[in-house]
Amino acid sequence: MARADHLWIERRMGDAVRARLGSNSADFVLFVLKQGWAALFGALLLAAIITTKLIWQDDWLIRRYDALFGFALGVQILFLRLGLESWNEAKVILIYHVTGTVMEIFKLHMGSWDYPDRGLAEIAGVPLFSGFMYAAIGSYMARVIRIFDMRFAPYPPFWATVLLGAAIYLNFFTHHFGPDIRYALFAATVALYWRTRIWFYPDRTARWMPLPVAAFLSAFFIWIAENVGTFTATWAYPGQDGLVSFSKFGSWYLLLYVSFVLVTLVSRDALSRTPWRP
């Protein structure tokens, strides 16, 4: 199916919602629908995690983690085949996949979390499907920018965003051997991006939201998804009793900035150094 076909489907969906609800209500409904459409990769992966937990048997020929890897790989191929992601976007998402897997290997070695099951498709004890959880975040960011026709303005100097993203990523490693500077990094994200507005189109009228607020809300929903992962025993944190700690919520907030910097490598047209008006 060509990319234009998907644009046509999205327009038809918008017309149908607008006709039934009116323009004011349509903004909110289309915002929710578009967010769900942008997060399709992550939603499918989360559904697969829940479903396999419910039905999988230990004596089955294929291990659960391997099945999740095959499913995620198949979804990625399907997204490219149907034009839901471009090849340029897929290349950046692959980079995020690799950086996420490297961090998974290190964190597993340091005992930050564990994967209770085993499979054939793994590297140093890390199942390969785990990299697709990071890729799902990159997929969401790349798709949501395109689907909402987003603009980020006024955007900080690009070199500064790259340095901050690198510092955040490195701190996930170095805090095991030295001071944890996450609170300074929290402050740095606000200081660097506090003026940046995300302009987006739920429907025909442009809306905006401060970028740090959008990162905070996105991190919250990822934290919810992570709780689903622990409840289904797909991965586990040492000493966890109940919900995943809010420190992980902060970690996802910071990691989103790393994701965002990677995605902007192919979305530079959406960045504006000066204030933008629709």
If we ask which residues in region 230-278 are outside any helix (DSSP H, G or I) and small (Gly, Ala, Ser), their number turns out to be 7
Show the residue pairs meeting these rules: Cβ distance below 8 Å; 6+ apart or different chains; first residue within region 231-248 and without any contact (Cβ under 8 Å) to a residue 40 or more places away in the chain; second residue part of a loop (DSSP other than H, G, I, E, B). Val244/Tyr237; Ser245/Tyr237; Lys248/Tyr237
Within region 219-233, considering residues that are over 18 Å from the mean Cα position of the chain (by Cα) and within 20 Å of Asp66 (Cβ to Cβ), the one modelled with the lowest pLDDT: Ala233
Given the conditions (1) under 30 Å from Pro202 (Cα atoms); (2) among the hydrophobic types (A, V, I, L, M, F, W, C); (3) assigned to a loop (DSSP other than H, G, I, E, B), which single one is not true for Trp37? (3)
Examine region 255-272 for a residue that is over 20 Å from the mean Cα position of the chain (by Cα), surrounded by 12 or more Cβ atoms within 10 Å (Cβ to Cβ), more than 24 Å from Val32 (Cα to Cα) and touching a residue at least 12 places away in the same chain (Cβ under 8 Å), and state whether such a residue exists. yes
Lone qualifier among Glu85, Glu89, Glu122 - being on the phi < 0 side of the Ramachandran plot and out of contact with any Phe, Trp or Tyr (no Cβ under 8 Å at 6 or more places or on another chain): Glu89
Residue pairs, Cβ under 9 Å, 6 or more apart or interchain, first in region 73-88 and assigned to a loop (DSSP other than H, G, I, E, B), second among the hydroxyl-bearing types (Ser, Thr, Tyr). List them. Leu84/Ser139; Glu85/Ser139
Which of the residues that make up region 93-132 are of a type in the set (Phe, Trp, Tyr), assigned to a helix (DSSP H, G or I) and crowded, with 18+ Cβ neighbours inside 10 Å? Tyr96, Phe129, Phe132
Keeping to region 155-204, report how many residues are polar (S, T, N, Q) and not in a helix (DSSP H, G or I). 1
Across (1) at pLDDT 90 or above; (2) surrounded by 19 or more Cβ atoms within 10 Å (Cβ to Cβ); (3) over 16 Å from the mean Cα position of the chain (by Cα), Leu30 clears everything bar (1)
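The values are calculated or read from the model by the stated rules, or taken from the named source; none is laboratory data. Computed from a predicted model, the values in this text were never measured in an experiment. Positions of Cβ are backbone-derived with ideal geometry, glycine not excepted, and every protein chain shown enters the neighbour counts.
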